[in-house]
Amino acid sequence: MENVKKIFNNIEEFFVVILLFIMTVVVFWQVVCRFVLKASLPWSEELSRYILVWVTFLGASIGVKRGAHIGVEAFLMLLPKQARKFVNYLISAVCVIFCLIVFKESLSIIEMQIANAQVSPAMQIPMWWAYLAIPVGMVLMSIRFIQVSLKLKSEGEV
């Protein structure tokens, strides 16, 4: 069970590292092809763009987990301890609700992409693969916001 927890706690980092490596290799190869071989790869920029979208949404989840998102901690420190506790829970609840709303709306976009069978211009892959980063990122962010709240509660900091 501990291994499963460790894997889940590091799943975003694993995928972000792999995706950034792939993006780096693709962009490097595109530069080599364009300036050394004088031939351009039509799919490389598109693939890099889609990888960047995935890295952004997975990275947002990592940011929540590490507490790296923008916060107004100076304001919170001015509040009494009970008010600080309430505000922290309220912020987490609002963030989870926001993530779930974006999740729901992104699913309708993906359904439309699937129904229209839209494919990317260069690689001819289904566009819903690129858009899938949004609901995946939102679910992971929601889970991370809940985890952060539970961690703060167990540490007695909220």
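The values are calculated or read from the model by the stated rules, or taken from the named source; none is laboratory data. Here the structure is a predicted model, which is why all the values come from computation and not from measurement. Every residue, glycine among them, receives a Cβ derived from its backbone with ideal geometry; neighbour counts consider all protein chains shown. Accessible surface is based on the protein model in full, side chains and every heavy atom, while ligands, DNA and RNA are left aside. Shrake-Rupley method; radii C 1.70, N 1.55, O 1.52, S 1.80 Å.
Taking region 101-130, which residues are under 18 Å from the mean Cα position of the chain (by Cα) and open to solvent by 80 Å² or more (accessible area, probe 1.4 Å)?
Applying the first criterion (under 18 Å from the mean Cα position of the chain (by Cα)) to region 101-130 yields 101-107, 109-110, 127-130.
Those that are under 18 Å from the mean Cα position of the chain (by Cα) and open to solvent by 80 Å² or more (accessible area, probe 1.4 Å): I101, K104, E105, W129.
Which ones in region 131-158 are open to solvent by less than 70 Å² (accessible area, probe 1.4 Å), closer than 30 Å to P80 by Cα and not β-branched (V, I, T)?
Going through region 131-158, the residues open to solvent by less than 70 Å² (accessible area, probe 1.4 Å) turn out to be 132-145, 147-149, 152, 156, 158.
If we keep only those that are closer than 30 Å to P80 by Cα too, we end up with 141-145, 147-149, 152, 156, 158.
Once the filter is applied, which keeps residues that are open to solvent by less than 70 Å² (accessible area, probe 1.4 Å), closer than 30 Å to P80 by Cα and not β-branched (V, I, T), region 131-158 yields M141, S142, R144, F145, Q147, S149, L152, G156.
Among the residues of region 55-97, those identified as in a helix (DSSP H, G or I), open to solvent by less than 60 Å² (accessible area, probe 1.4 Å) and either farther than 16 Å from V139 by Cβ or touching a strand residue (DSSP E or B) at 6+ places or on another chain (Cβ under 9 Å) (or both) are V55, L76, A83, R84, V87, N88, A93. Within region 32-45, can one find any residue that is modelled with pLDDT under 95, in contact with a Leu (Cβ under 9 Å, 6 or more places away or on another chain), open to solvent by 80 Å² or more (accessible area, probe 1.4 Å) and farther than 26 Å from V136 by Cβ? Scanning region 32-45 turns up at least one residue that is modelled with pLDDT under 95, in contact with a Leu (Cβ under 9 Å, 6 or more places away or on another chain), open to solvent by 80 Å² or more (accessible area, probe 1.4 Å) and farther than 26 Å from V136 by Cβ.
Regarding S48, is this residue of a type outside the set (A, V, I, L, M), within 11 Å of the chain's Cα centre (by Cα) and not in a loop (DSSP other than H, G, I, E, B)?
Working: of a type outside the set (A, V, I, L, M): yes; within 11 Å of the chain's Cα centre (by Cα): no; not in a loop (DSSP other than H, G, I, E, B): yes.
Taking the combined requirement at face value, the residue does not satisfy it.
What number of residues within region 12-59 are β-branched (V, I, T) and in contact (Cβ under 8 Å) with a residue 40 or more places away in the chain? Write out each step before concluding.
Keep residues of region 12-59 that are β-branched (V, I, T), which gives 16-18, 22, 24-27, 31-32, 36, 51, 53, 55-56.
Then drop every residue that is not in contact (Cβ under 8 Å) with a residue 40 or more places away in the chain, which leaves 16, 53, 56.
Going through region 12-59 one residue at a time, the tally reaches 3.
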